[in-house]
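In what follows, a single structure is set out as structure tokens and then discussed.
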Amino acid sequence: MFKEQLGELGETVNFVFISVDGTRDTPELLASHLKQFDPAFIGLQADEATLRRIGTSFGLYYQKQPLEGSASGYTIDHSAASYLLNADGELVMVYSYGTPADVIADDVQEM
């Protein structure tokens, strides 16, 4: 797993997941989902205005789409990227979905 590839450095890096579906992604559901990766991962939710502001800053795309036949009646179409920020919260790199973990780990170690 990615955090393990960082070794001791992995303990100093914060991993944050931001939900774009605050209706379905309750704090309990987020915690349960993220626990599958690592109990130390942080799950966050935000109101729509904050999500839009963050989305604009990071080039995030998400859109609620109707989905007939589903229990909730909708799905969320969204981009799938990982963002590397430095200790000052500045964007360093954007990784597309599927970027190998060792590539990201190398970038983190070089910071």
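The set of residues in region 9-25 that are touching a strand residue (DSSP E or B) at 6+ places or on another chain (Cβ under 9 Å) and hydroxyl-bearing (S, T, Y) comprises S19, T23. The requirement of being of a type in the set (A, V, I, L, M), part of a helix (DSSP H, G or I) and modelled with pLDDT of 90 or more is not satisfied by V94. Taking the criterion of being over 14 Å from F17 (Cβ atoms) and assigned to a loop (DSSP other than H, G, I, E, B), the residues of region 80-91 that qualify are N86, A87, D88, G89, E90. Take the residues in region 97-111 that are without any contact (Cβ under 8 Å) to a residue 40 or more places away in the chain, of a type outside the set (A, V, I, L, M) and in a helix (DSSP H, G or I); name whichever of them is nearest to S19 (Cα to Cα). Here the answer is D107. Taking residues in region 63-76 that are closer than 16 Å to S19 by Cα, and partners anywhere that are outside any strand (DSSP E or B) and of a type in the set (A, V, I, L, M, F, W, C), the pairs with Cβ atoms closer than 7 Å and at least 6 places apart or on different chains are Y74/L67; T75/L67; I76/V20.
Going through (1) loosely packed, with under 12 Cβ neighbours inside 10 Å; (2) under 14 Å from the mean Cα position of the chain (by Cα); (3) among the β-branched types (V, I, T) one by one, V94 falls short only on (1).
The values are calculated or read from the model by the stated rules, or taken from the named source; none is laboratory data. Here the structure is a predicted model, which means the values were calculated and not measured. A quick note on method: Cβ atoms are made from the backbone with ideal geometry, for glycine too, and the neighbour counts reach across all protein chains shown.
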